[in-house]
Amino acid sequence: MSSVSRPTVHPVEAPPYTDGPQNALIRVRMKDVQGMPGTRGSLFLRLTQFVFGLVSICVMGTTSDFRSVTAFCYLVSAVSVQILWSLSLAVVDIYALLVRRSLRKQIIFRLFTIGDG
């Protein structure tokens, strides 16, 4: 025989299913992640997005040839929409923090994901 080790597979048996509500499968909730909707981290991120959006609009708007550069006009409109989105989500975060409510529902995550995308 050779001295080379051979891999072996040891199957793991699934735990037996039991009837009854006391032994039902326990759902594991996602732990709090920094920046998750309804947390102070999320509020901080949304407010900094809002402030940086305002600063970028001010910088683009104060250039001498703002009207002649069409890219600035398009960027200002895009950043304006981003500012409104950030401000509305900051208001939602403030509400969630004031009423101590968790925003862990799947529909809310979808809304935030689609809006941020």
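The values are calculated or read from the model by the stated rules, or taken from the named source; none is laboratory data. Being a predicted model, the structure only gives us computed values, none of them experimental. What goes into the accessible areas is simple: the full protein's heavy atoms, side chains included, and nothing from ligands, DNA or RNA. Shrake-Rupley method; radii C 1.70, N 1.55, O 1.52, S 1.80 Å.
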Exercise. What do you reckon, is residue 34 at pLDDT below 80 and over 24 Å from residue 109 (Cα atoms)?
Worked result: no
Of (1) open to solvent by less than 100 Å² (accessible area, probe 1.4 Å); (2) of a type outside the set (A, V, I, L, M); (3) at pLDDT 85 or above; (4) within 16 Å of the chain's Cα centre (by Cα), residue 40 satisfies every one except (1)
Per the filter on the stretch 89-106, residues open to solvent by less than 60 Å² (accessible area, probe 1.4 Å) and of a type in the set (Gly, Ala, Ser) are 90, 96
If we keep only residues of the stretch 48-76 that are of a type in the set (Gly, Ala, Ser) and modelled with pLDDT of 90 or more, then the residue nearest to residue 117 (Cα to Cα) is 53
inquiry  = Checking the structure you have, find out if any residue of the stretch 5-19 is modelled with pLDDT of 80 or more, part of a loop (DSSP other than H, G, I, E, B) and either open to solvent by less than 80 Å² (accessible area, probe 1.4 Å) or under 30 Å from residue 109 (Cα atoms) (or both).
reply    = no
Please verify whether residue 86 is open to solvent by 60 Å² or more (accessible area, probe 1.4 Å) and of a type in the set (Ser, Thr, Tyr), treating the condition exactly as stated. no
